[in-house]
Structures are given as structure tokens and as C-alpha cells.
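To start, the structure itself, in C-alpha cells.
The values are calculated or read from the model by the stated rules, or taken from the named source; none is laboratory data. What you see is a predicted model, and the numbers here were worked out from it, not measured in a lab. Every residue, glycine among them, receives a Cβ derived from its backbone with ideal geometry; neighbour counts consider all protein chains shown. In case anyone asks, the SASA skips ligands and DNA or RNA and just uses the protein heavy atoms, side chains included. Shrake-Rupley method; radii C 1.70, N 1.55, O 1.52, S 1.80 Å.
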Amino acid sequence: DPIAAITNHLARNPGPPNIPLFAYIPPRGWCCLTKKKLMARCNVIWSAAGIPSITGHSFRIGGTTELLLAGVPPDVVKALGRWSSDAFLRYWRSLELLAPLHVENL
């Protein structure tokens, strides 16, 4: 539930109204959580668990697949992902599940 997650985040991590949503407080004051910092932290955790490092691109591919599995039309997924071409279609995962959902739009 994304609403409950963000509500919990804001309740546990109150801050000034002008800071970015995903900010944190290291020893020197508020910092914005960047993709580079997030991926570095995730990969430290995954490495300790014996999981290979990944890039942020994997999240984009996974998000695309989840939207398509939810029945979101490919043209909407393309717009949401700011894809400038149909290249995202190459990243479809679970094609055996996705094809029947979208075959009528082809």
C-alpha cells in the first residue's frame, strides 16, 4: 500500500516542508537521497546477503513489467516511463503472462 508507506515515512521522518520527499540526515544536515546513494546502500545490503550487485535500470525494467502485468496499456507505460521509443518493449518480462493481456491492442 503506497499511501500507508508514505504516511509511515513522513510520520517517522518529519522534516521541514521544503526538503525533498526522500531526504535523510547524515551528521552534517539534510541530504537528498540520490540514485547513486540508494544503489550503493542497496548493493552493500545485497552483497552481505550474497546477492549480486545490480543497477538502477533493473528497477525501471521491473516497474515496467509490473505496470504491464496490472493491465496498463503499453502506450501509457511508455509515457509514464518517459520512453522516447518503443525500445522498452524489449525489456518485457513474463511475456507469457503479458501477451494475453495486451494482444487485443496490437
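Per-residue answers, yes or no, for (1) of a type in the set (S, T, N, Q); (2) without any contact (Cβ under 8 Å) to a residue 24 or more places away in the chain; (3) not assigned by the TED database to the domain that holds Leu89:
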position: Arg41; (1), (2), (3): no, yes, no
position: Trp46; (1), (2), (3): no, yes, no
position: Ala49; (1), (2), (3): no, yes, no
position: Gly56; (1), (2), (3): no, yes, no
position: Thr64; (1), (2), (3): yes, no, no
position: Ala70; (1), (2), (3): no, yes, no
position: Pro74; (1), (2), (3): no, no, no
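Arg28 meets each of the listed conditions (1) closer than 24 Å to Leu89 by Cα; (2) of a type in the set (D, E, K, R); (3) not assigned by the TED database to the domain that holds Arg82 apart from (1).
Identify all residues within the range 14-59 that are within 23 Å of Gly81 (Cα to Cα) and among the charged types (D, E, K, R); write none if there are none. Across the range 14-59, the qualifying residues are Lys35, Lys36, Lys37.
Is it true that some residue in the range 12-31 is β-branched (Val, Ile, Thr), open to solvent by 60 Å² or more (accessible area, probe 1.4 Å) and not in a helix (DSSP H, G or I)? Within the range 12-31, one or more residues are β-branched (Val, Ile, Thr), open to solvent by 60 Å² or more (accessible area, probe 1.4 Å) and not in a helix (DSSP H, G or I). Of the numbered criteria (1) modelled with pLDDT of 80 or more; (2) loosely packed, with under 13 Cβ neighbours inside 10 Å, the one Lys37 fails is (2). If I go through the range 42-56 residue by residue, how many of them are open to solvent by 70 Å² or more (accessible area, probe 1.4 Å) and either among the aromatic types (Phe, Trp, Tyr) or within 15 Å of the chain's Cα centre (by Cα) (or both)? So the count comes out to 1.
Considering only residues in the range 59-106 that are acidic (Asp, Glu) and exposed (fewer than 12 other Cβ atoms within 10 Å of the Cβ), the one that is modelled with the highest pLDDT turns out to be Asp75.
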